[in-house]
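The values are calculated or read from the model by the stated rules, or taken from the named source; none is laboratory data. Just so you know, these numbers come straight off a predicted model, no measurement behind them. As a convention, Cβ positions derive from the backbone with ideal geometry for all residues, glycine included, and neighbour counts pool all protein chains shown. In case anyone asks, the SASA skips ligands and DNA or RNA and just uses the protein heavy atoms, side chains included. Shrake-Rupley method; radii C 1.70, N 1.55, O 1.52, S 1.80 Å.
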Amino acid sequence: MLVASNLQKEYPSGAGTLAVLKQVSFTIPQGSLVAIVGPSGSGKTTLLGLLAGLDVPSSGTVSLDGVELNRLTEDERARLRGEKVGFIFQTFQLIPTLTALENVQVPLELRGDFGAPERAKMLLEHVGLGDRMDHFPTQLSGGEQQRVAIARAFSNSPKILFADEPTGNLDGVTGAKIVELLESLNKSSGSTVVIVTHDLTLAERAGRIIRLRDGDVVEDRTTSATPPVPASSTAR
Amino acid sequence: MTGRWRWIPSLAWRESRTARRRLLLYMSSISLGVGALVAIDSIADNVSAAVRLQSRSVMGGDVSFTSDTRYPDSLKAVLDSLARTGPTMATVVTFTSMAYAPRTQITRLAQVRAVGPTYPPYGAVTSEPANLWGELQKRPTALVSPSTLISLDANVGDTLSIGFSQFIIIGTTNSVPGDPGLASAIGPRVFIAEQYVASTQLLGFGSRASFETLVRLPDGVQSPQWVEPIRARFRAANIRVRTVVQQEENMTEAIGRLADFLGIVGMIALLLGGIGVASGVNAFMNRKIDTVAVLRCLGATGSQVLAIYVTQAALMGLAGAAIGAAIGVAIQFALPVALEGTLPLDVTVQIVPKAIGVGLAIGVWVALVFSLRPLLALRRVSPLQALRRDAEALEHQRRRDIPSHLVNIALVASVVVLAISRTDNWRRGILVALGIGVSLLLLWGSAALLSHLARRLVAQRLPYLLRQGVANLYRPANQTRSVILALGFGAFLVSTLYLVQANLLRQFEVSAQAARGNLVFFDVQDDQRVAIDSIVQATGEQAVSATPLVTMKLKSINGQTLDVWGAAHALPRRNWAFNREYRSTYRDTVVVTEQITAGKWFGGSGTDTLSEMSLEQGLATDLAVSLGDTLTWDVQGVPVAARLTSLREVNWGRFEPNFFAVFQSKALSTAPKMFVLVAAISTDTVIARIQRNVVLRFPNASSVDLSLLRATVLEIIGRITLAVRFLALFSLAMAVPVLFSAVAATRRDRLREGVLLKTLGATRAQIGRILLAEYALLGMLGAFTGMLLSFAGAWALVTFVFDGQFAPALLPAFLIAGVMMTLAVAIGMATGREVFRETPMAALRDN
């Protein structure tokens, strides 16, 4: 489903260049729950950006559902994201001027889908926020905001969902609940979930861990957690 | 609407929830500019409509025949025979005379209008008490303007002496067709019946009067067609012929010119507002980068993002323009009240939908096109910004970014098209647009220079607070350019208005104050001069000068008739210089109001038989004559030839007698003449006494108290000054939202920096001093650059448009610059107040 091949990302630095990612290659099948871990500066977020098509590699390729992302223009990548990708951010990144319901509707509205409000309501109820639909982000707690973000991420029935430190701004109890929610949605929807985290406990709950250090993949193993469910469409 | 765009308007509206007030504040930068345009266009439309409806009343007829002398019998017969075919003819004789009120013993120069029985052919005269106009024809009575009663301190029922005749004042006039209210403020009016003019004995040798016949044509008869067969005959007799169509065209053209001039001011105000919009939207855009990054992650294309925020800008631009249109309509309704009595028309104030529509459309367009420049950058917001704050927020702009180039072209084209539409002339429009462009470039350049100098000159030895303030001028994403542009352009506009006004009015003030005497007698006959001189000396005062006046007409040049001379020099036969009656003088010295610009003053360079003469240089050009030419004049039937030996530049603005043609004494000393006497009198009481004694003995001699005239001129100057000050204040008011928008652009950076400084130990006072240093420097450079530009702009206007001499009025210019600088500091400190409120925790949380 997602194939990274010899990914390299460099940035200009002083007189030369700084390689943040060095020849990273792996394949992530549909329906997996994968954690990418590593210390600060290991290249996790850079890798996430490349896999999601938010950035282009200096060399190498990323293929999402058979489509090579670096061959697409920025707008084509944006459309692809709207069709197939969901996002969850460490800082939630809800649009502050929209209500919870309106935030969840955004990906559907950008695609021009009919029925956006109805689907958004269903998703918010599914994440337990049916009674907070008309609240603005500033009126929600951190955990509630992240649940809205999760509902938004699943609104376009993504093939793949990227979560960047989804529990980074939450306390332990809330964070655990968020992870449970992600797991259940992963199982029920069959979406591939890629989580970037430095939390090893969270990482162990994923079916596979890819560890980065200094831009290299130093470990790529499955875990003792429940194996990923093959792709299905139960929660679309 | 296709799928991907279906939800964009609704998303745009919802997403704007917390930003609407701020966006509206930025868009209010254009409100005053739109208001000015709507007001100007609406008022011009209302006045033009009034002209179309009332031009007959304003002129008094469909056709007007006017002459400085009585009509020849042959032409009188023509008019009499035409009157028998249907048109109504009405006559009026107008002349100036001293009006004397025996009860109060006050005398004033007045304009006497002696009307025939059918005057006015259009409209009606309203009087107080009512219905008195017809009484004038029945007995020697007079209706006067209210200002006449006041100036004579007279009452209805008093006797009024005009020349050798006496009239009873039976009432005052409220409105008279063809006689604007403002005119009576300058020259008091007296209306009598034409049949009593002879009894005044004032229209004798050398007196000046205007003989007018007004014609009312039957319905369906068009004035141009009616007058065409006879126009040439009347023109040949130096009788001016005017039709109501010409009158309407002249008035409409005059209104159009004034509207164009004010429209340029409004347009510049609107463009200044556009600069404010651009700055404000830039600030708005900086706040939206995070949201846009998220939208990009969620699948929004660059076009969708742009459409969302352009929709917001357009809606708020429409709101700002609508506010402006409302302001414009309010001004439209208020202005006629302020101008009451000064216009010769009754103007009905009506909403002009076209003016409002055009104002709205221009306002929205300006708001959009100025918003697009900063908004286009939103297409380049990287979705990575949602993941990493330290990522480049904006992707690198491609050189061939066609939409950006198109927007730049649209901006420039908008300025040019607006300028051409407001000036109604493409050349002038392009010049105005060029002037604006050059001013903006110079301001931009001075901002760049300031940043450069600030970086070079700030030295470690300067106190930290000053250094920090100066450093803010050149740090990345500084606001130096936008603030200096907004401030400098505002200062330029206000200062130019003031300088032009000061220069134009200076000429009048200098003229009014420089006259050596303060009491002038004119129409003084030769045999009355000594006696009037004695009356003056009897009060212990002195006559300053006695200037002879000889009336004449030009007959030939270098032996050639005027027709031949005109044809040889490609001059039109209707050349004013050929046909006018000249009042010339003779003397052997140059006077203080003249300067010799070519040749030599009289000094024996003429031959024994030929005298010398001097011409005003403009007249010499219009006659196509040069030094050494011989001009022959008809002096009441006697030919007098003189050789042109010098040219003069004359200060016509001075109150002393000035002349186109001055002759050597020997040329005209024996010619029939009248005199202008000027006396310097010490007190108003003595002036009044002298005037009374002269008018009692010599009613034909008119006199003017120059101090009164000066006061009237200064009163008119005061009204003009008030209008200009209103325009200047209007421009200043507009600068406020523009400056707010310009300063808002870096609000976030300022806030972050301020709370960080507080975290590091800075007190509120120290942060205040940093802000003060920055804004004082910005204010100073912006205001003074604008001031310097205004000297150039005012010089160009005064020199090329008003044909005047420019002198920089330094004190008002510096005062305006000071006010603008203070405004910049005040707005800067006001927008920085958040820094004082926020706690250091805010900075840490934000990062």
To the nearest whole number, what is the average tally of beta carbon atoms from other chains within 10 Å of the beta carbons of peptide A:108-121?
4
Packing-ranked peptide list from A:169-176, B:497-504, highest mean Cβ count within 10 angstrom first, is B:497-504, A:169-176
Given charges of +1 on the Cβ of Lys and Arg and -1 on the Cβ of Asp and Glu, with all other atoms neutral, how large is the dipole of chain A about its Cα centre, in debye to the nearest 20?
400
Check the straight Cα-Cα distances from residue B:600 and name the lysines below 18 Å, setting aside those fewer than 8 residues away within the same chain.
B:666
Students sometimes get this wrong: rank B:6, B:216 by accessible area, probe 1.4 Å, all chains present, largest first.
B:216, B:6
Accessible area, 1.4 Å probe, largest first: how do B:633, B:576, B:226 sort?
B:576, B:226, B:633
How much solvent-accessible surface does residue B:649 expose, in Å² to the nearest 10, with a 1.4 Å probe and all protein chains in place?
80
Determine the residues within the stretch A:93-107 where the difference in accessible area between the chain on its own and the full set of protein chains amounts to at least 10 Å²; count protein heavy atoms only and use a 1.4 Å probe.
A:93, A:95, A:96, A:97, A:98, A:102, A:106, A:107
For the stretch A:44-168, which whole percent of the accessible surface, found with a 1.4 angstrom probe, sits on carbon and sulfur atoms?
47
If you count, for every residue in A:78-85, the Cβ atoms of partner chains within 10 Å of its Cβ, what is the mean?
5
Using DSSP to define loop residues, name the trypsin sites (Lys or Arg not before Pro) in the stretch B:79-147 whose beta-carbon has at most 14 other beta-carbon atoms within 10 Å.
B:84, B:103, B:138
Accessible area of the stretch B:293-382 divided out per residue, in Å², using a probe of 1.4 angstrom
37
Of the peptides B:144-151, B:775-782, B:536-543, B:618-625, how do they stack up when ordered by the mean number of other Cβ atoms within 10 Å, highest first?
B:775-782, B:144-151, B:618-625, B:536-543
Cα long-axis angle, helix B:353-376 against chain B (0 to 90 degrees, to the nearest 10)
40
Compute the Rg/Rh shape ratio of the protein assembly as shown: radius of gyration over Kirkwood radius, all on alpha-carbon atoms.
1.16
Long-range HN-HN contacts of residue B:175 with modeled amide H, under 5 Å
B:126
Rolling a 1.4 angstrom probe over the protein heavy atoms, how many square angstrom per residue are accessible across the stretch A:63-115?
33
Using a 1.4 Å probe on protein heavy atoms, which residues of the stretch B:11-37 have at least 10 Å² less accessible area in the complex than alone?
B:11, B:14, B:15, B:17, B:18
For chain B, rounded, prolate or oblate, judged on the Cα gyration tensor with a ≥ b ≥ c (square roots of eigenvalues), a/c < 1.5 rounded, else prolate if a/b > b/c?
prolate
Which lysines have a Cα less than 18 Å from the Cα of residue A:177, not counting those fewer than 8 places away in the same chain?
A:187
What does the structure give for A:52-64 when I average, per residue, the other chain Cβ atoms found within 10 Å of the residue Cβ?
2
Listed highest first by mean packing, meaning other Cβ atoms within 10 Å per residue, what order do B:824-832, B:92-100 come in?
B:92-100, B:824-832
Of the candidates B:813, A:185, B:222, the farthest towards the positive dipole end of the protein assembly as shown (Lys/Arg Cβ +1, Asp/Glu Cβ -1, centred on the Cα centre) is A:185
Taking a probe of 1.4 Å and leaving out DNA, RNA and ligands, the stretch B:582-713 shows per residue an accessible area in Å² of 41
With the cut-off at 1.5 for a/c, could you classify the stretch B:675-800 from its C-alpha gyration tensor as rounded, prolate or oblate?
prolate
Along the charge dipole of the protein assembly as shown, which of B:832, A:85, A:215 sits closest to the positive end, that is, farthest toward it, with unit charges on the beta carbon of Lys, Arg, Asp and Glu (+1, +1, -1, -1)?
A:215
Contact surface A-B: accessible area buried, both sides summed, square angstrom, 1.4 angstrom probe
3000
Angle between chain A longest axis and helix A:172-189 axis [Cα atoms, degrees, rounded to 10]
90
Honestly the stretch A:35-100 on the Cα gyration tensor test (a ≥ b ≥ c root eigenvalues; a/c under 1.5 rounded, otherwise a/b vs b/c for prolate or oblate) is just oblate
At 1.4 Å probe size, with the rest of the protein present, what percent of the exposed accessible area of chain B is carbon and sulfur atoms?
60
Those lysines that a straight Cα-Cα span of less than 17 Å connects to residue A:22, excepting residues fewer than 8 apart in one chain
A:9, A:44
